[in-house]
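Structure first, then comments.
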Amino acid sequence: MSAVSTGDGVGLNPPQRAHFMQLLERDLSTCGGSGELVGLLVIHLSGVGRINLELGYGMGDAVLEQTVERIRKAVRPDDLLVRIDGVDFALIMPGLKNIGQILLASRKIASVCAQSCQIQDQRLSTRPRVGAALAPVHADTAEALLRCADQALVRAEQTAGGLYVFETSADPMTSGSLVMERDLEAALDNNDLDVHFQPKVDLDGGRVVGVEALSRWQHPERGFVRPDLFIAAAERSGLIEPLTQWNLNAALRSQQVGFPTLSVAVNLSTVSLNQPDVADMIEQAVAIWGIEPAQLVLEVTESAMIADPPRTLATLHRLHAHGLKLSIDDFGTGYSSLAYLSELPVCELKIDRSFVLNMTEHRQSENIVHAVIDLAHNLEMTVVAEGIEDQATLEQLRAMGCDVGQGYFFGKPMPVDELDDWLHDSPWSTGGAAVPAGADDKTVSARR
Ligand code: C2E
Ligand code: MG
Ligand code: MG
């Protein structure tokens, strides 16, 4: 980390706003052609004023110094921390690759700042708030970027996790909306979310082998909210941890009661995968519900795996050692290097549905699907095709040697009682559909 921020006690340095703006402007101009992003975090530490009042300024300063020292240890060498006002700091993060990285950084900073400080014989803590913005995605000048991060900070005040990444949209039910986050928090508190299950079918034997658990939210006034929208909102506002925990427990409870012989897959978002206690949380849920670890599949996207490799790898190895199965979701949409892929303790690769949906019409998609199947097999992984909507696609995938399929053709995501009926009635649940037969279409499509 650079000199401006150094351990000579940035907490006590006079505010350096003007200098900071110059440095930010410089970073923005140098990132121009490189395609790299510059992240800006503004960090507000509430509660220091009260410590000053009750215990004296010396104690307040000591808390600031310890907190700054922790931030300093948590960031990368090129990041730059500046005190811009009394209890407000700014962190410039050059060289970012995607929005996921700034989310992770915000999370990390909020978490280290929230730890209590031991000063003399007292344990003291502040209430950190972190607002984040990304250049040139949100703005391309220092002034404008700081304004975005400040606006995000205002929103962070109202989120459960105390952090917020700037979002441009004004639609009240898009992912960036405070309304959405407030309502999602209430839905989590009131247990108003739901989990649906979608079958995964072994293409060779024609038999269901597992299900994927997908969260559903029926908003009382606004109706169905798309999961990708509310997941993004949860990530942005710190609600992803309770959401992941809720989804995992709901999935395992249903599995134990409704379909104990099938494996169940849950999705882990980029942000939840990088939370320090995620492995504890998952191992606890497995123990509570008494499920065989090998029956739980964790679906993780490629981008999640590359966002914070050392920590991600450690978490993945730990979960693998615990006997859980790891799967790479939406494969083909990220940018994993093959070398990296072969090092991961994953046993399943899911081909993104965008390739599968049009593979019967687009040669290029078909070629990609074929190549991914071969790649997975060379790496001794099971390969799953998601988004199978018709018999022709199924047959093509079978001919290519794809192991498992998932899609509306077999069954849409459904509530657990509907899954129960499906498991009784569908030819895919008994293996009766192993031999390609057009007649099976009717049974399956009647359930769509
Ligand atoms: P995903 O994990 O790739 O899940 C598969 C998505 O494909 C689901 O969308 C499913 O409904 C859809 N799908 C399945 N078969 C077909 C098909 O034949 N045709 C088409 N057009 N679509 C099909 P859904 O439920 O909208 O979920 C979207 C994404 O949201 C999921 O993608 C997953 O990444 C995320 N998600 C859902 N629930 C959770 C959750 O509890 N936690 C996390 N972290 N992510 C979740
Ligand atoms: Mg998935
Ligand atoms: Mg997927």
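The values are calculated or read from the model by the stated rules, or taken from the named source; none is laboratory data. Just so you know, these numbers come straight off a predicted model, no measurement behind them. A quick note on method: Cβ atoms are made from the backbone with ideal geometry, for glycine too, and the neighbour counts reach across all protein chains shown.
Is there a residue being without any contact (Cβ under 8 Å) to a residue 24 or more places away in the chain and within 16 Å of ligand 3 (Cβ to nearest atom) anywhere in the range 152-170? No, the conditions are met nowhere in the range 152-170. Filtered by the rule that a residue be under 24 Å from Gln255 (Cα atoms) and surrounded by fewer than 19 Cβ atoms within 10 Å (Cβ to Cβ), the range 181-192 gives Leu188, Asp189, Asn190, Asn191, Asp192.
Of the strands (runs of 3 or more DSSP E) contained entirely in the range 179-236, those carrying at least 3 residues that are at pLDDT 90 or above fall at 194-202, 207-219.
Cβ separations smaller than 7 Å between residues 6+ apart or across chains give the following pairs from the range 369-394 residues that are more than 16 Å from Val300 (Cα to Cα) to residues that are more than 14 Å from ligand 1 (Cβ to nearest atom) and among the polar types (S, T, N, Q): Leu379/Ser342. Restricting the range 364-388 to residues that are at negative phi and small (Gly, Ala, Ser) leaves a set whose member that is surrounded by the most Cβ atoms within 10 Å (Cβ to Cβ) is Ala385. Looking only at the range 374-424, residues that are within 17 Å of Asp329 (Cβ to Cβ) and away from ligand 3 (no atom under 16 Å from the Cβ) come to 2 in all. Only residues that are in a loop (DSSP other than H, G, I, E, B), of a type in the set (S, T, N, Q) and within 17 Å of the chain's Cα centre (by Cα): list them for the range 91-124, please. Within the range 91-124, Asn98 is the sole residue that qualifies.
Can you say whether Thr261 is free of Cβ contacts under 8 Å to residues at least 40 places away in the same chain, surrounded by fewer than 17 Cβ atoms within 10 Å (Cβ to Cβ), under 18 Å from the mean Cα position of the chain (by Cα) and within 24 Å of Lys200 (Cβ to Cβ), as far as the supplied structure shows? So Thr261 does not fit the description; no. Is one or more of the residues making up the range 302-324 within 27 Å of Asp421 (Cα to Cα) and not small (Gly, Ala, Ser)? There is no residue in the range 302-324 that is within 27 Å of Asp421 (Cα to Cα) and not small (Gly, Ala, Ser). Residues in the range 278-296 that are touching a residue at least 24 places away in the same chain (Cβ under 8 Å) and either outside the structural domain of Ala251 (by TED's automatic domain parsing) or under 13 Å from Asn249 (Cα atoms) (or both): Met281, Ile282, Glu283, Ala285, Val286, Ile288, Trp289, Gly290, Ile291, Leu296. Looking at the range 226-245, can you tell me whether even one residue there is away from ligand 2 (no atom under 16 Å from the Cβ), outside the structural domain of Gly162 (by TED's automatic domain parsing), within 23 Å of Glu418 (Cβ to Cβ) and of a type in the set (Gly, Ala, Ser)? No - not one qualifying residue is present in the range 226-245. Within the range 337-351, the set of residues being surrounded by 18 or more Cβ atoms within 10 Å (Cβ to Cβ) and in contact with a helix residue (DSSP H, G or I) (Cβ under 9 Å, 6 or more places away or on another chain) comprises Leu341, Leu344, Val346, Cys347, Glu348, Leu349, Ile351.
Conditions tested, residue by residue: (1) closer than 20 Å to Val266 by Cα; (2) out of contact with any strand residue (DSSP E or B) (no Cβ under 7 Å at 6 or more places or on another chain); (3) more than 13 Å from ligand 1 (Cβ to nearest atom).
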site	(1), (2), (3)
Leu349	yes, no, no
Glu361	no, yes, yes
Ala371	no, yes, yes
Asn378	no, yes, yes
Ala385	yes, no, no
Ala399	no, yes, yes
Asp403	yes, no, yes
Tyr408	yes, yes, no
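Would you confirm, using the coordinates I've provided, whether Leu53 is loosely packed, with under 14 Cβ neighbours inside 10 Å and among the hydrophobic types (A, V, I, L, M, F, W, C)? The answer is yes for Leu53. Among the residues here, Ser254 does not qualify as within 16 Å of ligand 3 (Cβ to nearest atom), on the phi < 0 side of the Ramachandran plot and not aromatic (Phe, Trp, Tyr).
Within the range 127-171, the residues that satisfy the criterion of being assigned to a loop (DSSP other than H, G, I, E, B) and more than 18 Å from the chain's Cα centre (by Cα) are Pro136, Val137, His138, Ala139, Asp140, Thr141, Glu157, Gln158, Thr168, Ser169, Ala170, Asp171. So is Leu24 in contact with a helix residue (DSSP H, G or I) (Cβ under 7 Å, 6 or more places away or on another chain), in contact (Cβ under 8 Å) with a residue 60 or more places away in the chain and within 30 Å of Glu302 (Cβ to Cβ) or not? No: the conditions fail for Leu24. Among the residues of the range 264-280, those that are surrounded by 16 or more Cβ atoms within 10 Å (Cβ to Cβ) and over 13 Å from Gly210 (Cβ atoms) comprise Asn267, Leu268, Ser269, Thr270, Val271, Ser272, Leu273, Asn274, Gln275, Val278, Ala279.
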